[in-house]
Every structure is written in structure tokens, then in C-alpha cells.
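Chemist: Structure provided below as C-alpha cells; questions to follow.
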Amino acid sequence: MDWELARDAFWPILSGGLTGTIPLTLVSFAIGLVIALFVALLRLSPNVVLAWIGTAYVSVIRGTPLLVQLFIVFYGLPNLGIVIDPWPSAIVAFSLNVGGYAAEIVRAAILSVPRGQWEAGYTVGMGTARTLRRIVLPQAARVSVPPLSNTFISLVKDTSLASTILVTEQFRRAQEIAASNSDEVILIYLEAALIYWIFCTVLAAGQTAIEKRLDRYVAH
């Protein structure tokens with residue numbers, strides 16, 4: 001193996017992660033959480049039509065591959081006259097995907113809050129929206145941290161699919177280097193895998209620290 005190539009390729013691949021993978025993950029996850037909360041509330045709605053819309057959205061997102069969703073946004077929408085650049089296309093696809101998966105996490109977290117908490121809010125004169133915002137969602141957030149953290153870590157790895165629509169992120173950088181060093185393809189891709197692993201290990205450690213901090217808070 002060409003260790004000099006490995007050394008020279010390390011920073012370009014890492015910088016692709018720092019300037020492409022991580023920002024793409026953060027933006028997509030943040031938008032996805034907003035979508036997830038909205039869809040979760042639809043699913044919890046007593047209105048049958050709204051509940052059906054939320055259920056249908058989750059079913060479609062969870063029942064189709066992320067790569068297909070990405071291709072529909074980037075390659076399919078232009079047939080309808082909607083042309084979106086690679087970066088926004090990736091953000092749209094990943095956000096919609098996160099929204100579908102995280103919606104079930106948020107819904108389950110809201111349902112885990114005892115009914116008495118809702119009644120307590122109503123007793124002191126709060127409406128449904130205010131009770132949800134001030135009492136229920138803060139408690140639901142604690143329950144949802146572990147599964148949402150896992151979703152975030154999975155998204156870091158899933159962003160590698162953005163390379164298929166020419167988004168310059170970590171895996172795309174690795175592909176470009178491998179294309180000009182065909183004899184060392186396995187070395188370049190192993191190096192990319194190592195950097196993904198480092199990112200995910202650091203994030204998993206952060207997840208554990210957050211959970212411990214929340215456990216201490218709850219304990220008090």
C-alpha cells in the first residue's frame with residue numbers, strides 16, 4: 001500500500017467531511033426535526049383526514065429507499081419543470097427522510113408523557129398548544145434523545161449517497177482521489193471509512209454524555 005498517498009489523501013477526505021458531510025447532516029437533521037414534529041402532531045390529531053395524511057407520509061418515506069427519494073428530487077423533479085441544484089436537492093431529500101423516521105420517534109415520545117401532565121396544564125388554564133409547548137414537549141424531548149441521536153449518526157453515513165448527485169462531500173472527495181489512483185482504490189476507501197468511523201464514534205460519545213447529563217437532571 002502507498003502510505004504516502006494515504007497521508008496526502010487524508011486531509012482532502014477529512015475536509016470533505018468537515019465542509020460537506022457535517023454541514024449537510026446538521027442542516028438536513030434540523031429541518032427534518034421540524035417536519036417530524038409536524039407529522040407527529042398530524043398522526044396524533046383526532047381529525048381522521050389529518051391523521052391519515054401523517055400516516056401516509058411516514059409509510060411512503062419508510063417504505064422507499066433513500067437513494068430513490070434522492071433521485072426523484074434531483075433527477076425526477078426537472079421533468080415537472082422544477083430544477084434544484086445538487087446541494088439543495090440533497091438537503092430536501094435527507095430532510096424529508098429524517099422527517100419520516102423521526103416522526104415516529106417524536107410521536108412515541110409524546111405518547112409516553114402521562115395523560116395527567118396534559119390535565120395539569122388544563123387545570124392551570126393552559127390551552128392544548130401551550131400545554132404541549134410548555135409541559136409535554138420538554139418531557140418528550142428527554143425520552144427522544146437516544147433514538148434521535150441514533151438517527152443523526154445514521155444520517156452522517158447516509159449523506160455519502162449525496163455523492164451520486166455530485167455533491168462534494170466526504171465520499172465524493174474519496175471517489176475523486178480514487179479515480180486518479182486506480183491501483184490504490186481500496187486504500188482510499190478504507191481511509192474514507194476510517195474517517196466516517198471517527199465521526200460516528202465522537203458523536204456516539206457525545207450522545208452518551210448528553211444522556212448521562214439528562215439522567216442526573218431527571219434524578220434531581
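The values are calculated or read from the model by the stated rules, or taken from the named source; none is laboratory data. Not measured: the values here are computed from a predicted model. Note that each Cβ is placed from the backbone with ideal geometry, even for glycine, and that neighbours are counted across all protein chains shown. Accessible surface is based on the protein model in full, side chains and every heavy atom, while ligands, DNA and RNA are left aside. Shrake-Rupley method; radii C 1.70, N 1.55, O 1.52, S 1.80 Å.
Chemist: Near Trp118, within a Cβ-to-Cβ distance under 13 Å, what is the net charge of the other residues, with Lys and Arg +1 and Asp and Glu -1?
Modeler: +3
Chemist: Please report the relative contact order for the chain, taking Cα pairs under 8 Å with a sequence separation of at least 6, and give it as a percent rounded to a whole number.
Modeler: Once divided by the residue count of the chain, the mean separation gives 28 percent.
Chemist: Convert each backbone phi in the stretch 209-214 into a coupling constant with the Karplus relation 6.51 cos²θ - 1.76 cosθ + 1.60 (shift: θ = phi - 60°), then list the ³J(HN,Hα) values in order as whole Hz, x for Gly and Pro.
Modeler: 5, 5, 4, 5, 5, 5
Chemist: For Glu176, Glu211, write out the residues from largest to smallest accessible area, computed with a 1.4 angstrom probe and no ligands counted. The partial results should precede the final answer.
Modeler: Values: Glu176 85, Glu211 45 Å².
Ranking Glu176, Glu211 by accessible area, largest first, yields Glu176, Glu211.
Chemist: When Lys and Arg each count +1 and Asp and Glu each count -1, what net charge do the other residues less than 9 Å away from Ile13, Cβ to Cβ, add up to?
Modeler: Working: positive: Arg173; negative: Glu191.
With Lys, Arg at +1 and Asp, Glu at -1, the net is 0.
Chemist: Considering only C-alpha atoms, what is the centroid distance from the stretch 154-220 to the stretch 34-71, in Å?
Modeler: 27
Chemist: Using a 1.4 Å probe on the protein heavy atoms, what percent of the accessible area of the stretch 3-215 belongs to carbon and sulfur? Before the final figure, lay out the partial values.
Modeler: Values: 7570 of 11180 Å².
Here it works out to 68 percent.
Chemist: Here is a follow-up. Which value, in Å², gives the accessible area per residue of the chain when a 1.4 Å probe is used on the protein heavy atoms?
Modeler: So the chain comes to 55 Å² accessible per residue, rounded to a whole number.
Chemist: Tally Lys/Arg at +1 and Asp/Glu at -1 over every other residue whose Cβ is under 14 Å from the Cβ of Thr159; what's the total? Before the final figure, lay out each step's value.
Modeler: Values: positive: Lys157, Arg172, Arg173; negative: Asp158, Glu169.
Here the count lands on +1.
Chemist: Out of residues 5 or more away from Thr64 or on other chains, whose amide H comes under 5 Å of its own, with H placed 1.01 Å from N in the peptide plane?
Modeler: Amide H to amide H, under 5 Å and 5 or more residues apart or across chains, Thr64 pairs with nothing.
Chemist: Same structure again: In nm, give the distance between the simple-model label positions of Trp3 and Thr64, each being 7 Å from the Cα along the Cα-to-Cβ direction.
Modeler: Each label point is offset 7 Å from its Cα along the Cβ direction, giving 4.9 nm.
Chemist: While we're here: Calculate the FRET efficiency for Thr201 and Phe10 from the Cβ-Cβ distance with a Förster distance of 22 Å, rounded to the nearest 0.05.
Modeler: The pair Thr201/Phe10 has a calculated efficiency of 0.85.
Chemist: Taking the Cα centre of the chain as the origin, how large is its charge dipole in debye, to the nearest 20, when only Lys and Arg (+1) and Asp and Glu (-1) carry charge on their Cβ atoms?
Modeler: 1360
Chemist: Apply the Karplus parameterisation 6.51 cos²θ - 1.76 cosθ + 1.60, with θ equal to phi minus 60°, to every residue of the stretch 110-124 and state each ³J(HN,Hα) to the nearest whole Hz, in sequence, with x for glycine and proline.
Modeler: Using θ = phi - 60°, the values come out as 5, 5, 6, 6, x, 4, x, 5, 5, 5, 5, x, 5, 4, 8 Hz.
Chemist: Next question. Which number do you get for Rg(Cα) / (2.2 N^0.38 Å) in the chain? Kindly include the intermediate steps, with their values, before the conclusion.
Modeler: Values: Rg = 20.8 Å, N = 220, 2.2 N^0.38 = 17.1 Å.
This ratio for the chain stands at 1.22.
Chemist: Another question, if that's okay. Can you tell me how much longer the chain between Met126 and Leu50 gets when fully stretched, taken as 0.36 nm per residue apart minus their C-alpha distance, in nm with one decimal?
Modeler: Full extension from Met126 to Leu50 adds 25.0 nm.
Chemist: Further question on the same structure: Ignoring everything except DSSP H segments at least 4 long, calculate the 222 nm mean residue ellipticity for the chain; use -39,500 (n - 2.57) per segment, divide by total residues, nearest 500.
Modeler: -25000 deg cm²/dmol
Chemist: So, one more: Any idea which of Ile186, Pro65, Phe29 is furthest toward the positive side of the dipole for the chain, if Lys and Arg beta-carbons carry +1 and Asp and Glu beta-carbons -1?
Modeler: Of the options given, the answer is Phe29.
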